[in-house]
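Student: Here it is, the structure, as structure tokens.
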Amino acid sequence: MTGTEHTVVIGAGIGGLAAAAALARTGRRVTVLERAPEIRPVGAGLGVAPNALRGLDLLGIGDAVRALALEGSGGIRRADGRWMIRFDMDLVRRRFGDPLVVLRRSDLVDLLLTALPEGALRTGAEVASVDPGGGRRPAAVRLRGGEEIEADLVVAADGIRSAARRVLFPEHPGTAYSGFTCWRMISRPGPDARPAPAEVWGRGQGAGVLPLKDGSVYAYFMHPAAEGDRGPAGERAEVERLFGGWYAPVPEIIAAAPEDAVIRGDLYRLAAPLPAYHRGRIALLGDAAHAMLPNLGQGACQAIEDAIELAHAVGAPGGPAHRVPDGLARYSAARAPRANGIAAASDTAARTMCMAARPAALRDTALTAIGRAAPGIFYRNFDRTFGWTPPGPPPKGLKGDASRR
């Protein structure tokens, strides 16, 4: 397949699908290349913050996400269950226009797939190499097997180990191990073990327990570990060993998770910010551009923001040959300061959540005092993160429910 009036997206994760949907809405012909033979979302659950919901509104699926998600006030607890701060979701809604909602990752992927044009997705399409092109020269994507696809725009949403990032920025150090491993799971404990939504800050450890609308619970557990270290026992047994003494119903949630539902992955981030999110006619998006730790729950949210900002920056097809490179320069200028800043804040949040015993005691005392005396100070910490609004006015075709912006 050739032709410069064509956009190729590499990767069918949340960021890639959102980008394809947003770019298709501007009138672009879009092809999504996914190397897996079928779409199988990696992960268990995720939170969708108000900033990302605004982006999903522009893709026409914001209300469908809200309908699938469970809303409810929660907060931050200690490992013994004592609340340090409680979230008032009505206040969050008034301050940011939407609450923070939680749903299965697979549900969000399914909705994004419905937003794609028919025939846009190609599975089993493994990318062998990319050429960024530039100026009047189109970009090119070569598949295993030899097929070459030319495009006026290539979006590399190929994840934290992005091969496209290595081509565009060969001197960049790549990813760095955070020192933490993480277990994620979907569990279905009994009705008496349904938790209030909470992030749990321990001593050198952290966790989250988030009920879902279908009666199950999404839970995650962070613990310091050597990179690649795996014990002889099963992963669920390891989580039980490390977190089984935490407040009820955390042990019940762990015990109710099937062994094959426990997903373990070491946590990585970019070792240094990229100098730009593009080169030539290739744009990096999501983890390929700004892989971050999960402690602010903004990884997928920032990928959705990327998608909307990219579609706005490059606009509809046609026009002068330099339109896409110029648009990608605007995309980098708009996105890099914000997403890099949130990645840095996620690092800080991880260190705060997983402090060792003595500083953690001071942390807990300070957070409890804020929660009792001045909770507004805590909410103000999220103004920059949750306060993003899509650029406007949107290009022709890229529009949703304007009342939510």
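The values are calculated or read from the model by the stated rules, or taken from the named source; none is laboratory data. Worth saying up front: this structure is predicted, and the values here are computed from it rather than measured. So basically every Cβ, Gly included, is an ideal-geometry build from the backbone, and we count neighbours across all protein chains shown. The accessibility values were calculated without ligands, DNA or RNA, using every heavy atom of the protein model including side chains. Shrake-Rupley method; radii C 1.70, N 1.55, O 1.52, S 1.80 Å.
Student: Multiply the residue gap between residue 177 and residue 358 by 0.36 nm, knock off their C-alpha separation, and tell me the result in nm, one decimal place.
Tutor: Contour length minus the Cα-Cα distance gives 62.7 nm.
Student: Kindly work out what percent of the DSSP beta bridges joining two residues of the chain are antiparallel, to the nearest 5.
Tutor: If I count the DSSP bridges inside the chain, around 70 percent turn out antiparallel.
Student: Still on this structure: Can you tell me what percent of all Cα-Cα pairs in segment 192-319 are more than 21 Å apart?
Tutor: 55 percent
Student: Moving to a separate point now. Taking 2.2 N^0.38 Å as the expected size of a compact globular protein, what ratio does the Cα radius of gyration of segment 248-313 give against it, to two decimals?
Tutor: 1.58
Student: If you don't mind, there's one more thing I want to ask. Can you give the net charge of the other residues whose Cβ lies under 14 Å from the Cβ of residue 216, counting K and R as +1 and D and E as -1?
Tutor: Taking every Cβ under 14 Å from that of residue 216, the sum is +3.
Student: Which of these values of volume of the Cα convex hull per residue in Å³ was calculated from the structure shown: [x] 150; [y] 136; [z] 125?
Tutor: [y]
Student: Using the basic label-point model (7 angstrom from Cα toward the beta carbon), what is the residue 264 to residue 70 distance in nanometres?
Tutor: The two pseudo-label positions are separated by 2.6 nm.
Student: Between residue 91 and residue 381, what length comes free when the chain is fully extended (0.36 nm per residue of separation minus the Cα-Cα distance, one decimal in nm)?
Tutor: In short, 103.0 nm is gained.
Student: At 222 nm, what helix-only mean residue ellipticity would the chain give, in deg cm²/dmol to the nearest 500, using -39500 (n - 2.57) for each DSSP H run of four or more?
Tutor: The helix-only estimate for the chain comes to -10500 deg cm²/dmol at 222 nm.
Student: Over segment 291-391, what is the relative contact order in percent, taking alpha-carbon pairs closer than 8 angstrom and at least six residues apart?
Tutor: About 35 percent, as a whole number.
Student: Simple spin-label model, 7 Å along Cα-to-Cβ: residue 38 to residue 389 in nm?
Tutor: 4.3 nm
Student: Follow-up. Which whole-number percent is the relative contact order of the chain (Cα, under 8 Å, 6+ apart)?
Tutor: It rounds to 24 percent for the chain.
Student: May I pose another question? Students often check this: by mean Cβ neighbours within 10 Å, which of 303-313, 97-107 ranks highest, and how do the rest follow?
Tutor: 303-313, 97-107
Student: Express the accessible area of segment 74-179 per residue in Å², computed with a 1.4 Å probe while the remaining protein chains stay in the model.
Tutor: Per-residue accessible area for segment 74-179 comes out at 48 Å².
Student: Figure the gain on full extension for residue 373 and residue 227 (residue separation times 0.36 nm, minus the Cα-Cα span) and round it to one decimal in nm.
Tutor: Here the answer is 48.5 nm.
Student: A follow-up question, please. If I compute solvent accessible area with a 1.4 Å probe over the protein chains, what percent of it on the chain is carbon and sulfur?
Tutor: Result for the chain: 52 percent of the exposed heavy-atom area is carbon or sulfur.
Student: Based on the Cβ-Cβ distance of residue 366 and residue 148, what FRET efficiency does E = 1/(1 + (r/R0)^6) give at R0 = 51 Å, to the nearest 0.05?
Tutor: 0.30
Student: Find, among the trypsin sites (Lys or Arg not before Pro) in segment 106-184, those assigned to loop by DSSP (not H, G, I, E, B) with at most 14 other beta-carbon atoms within 10 angstrom.
Tutor: 136, 144, 161
Student: Taking every Cα atom in segment 94-188, find the radius of gyration and the maximum pairwise distance Dmax, and write them in Å.
Tutor: 18.5, 55
Student: Simple spin-label model, 7 Å along Cα-to-Cβ: residue 188 to residue 321 in nm?
Tutor: 5.9 nm
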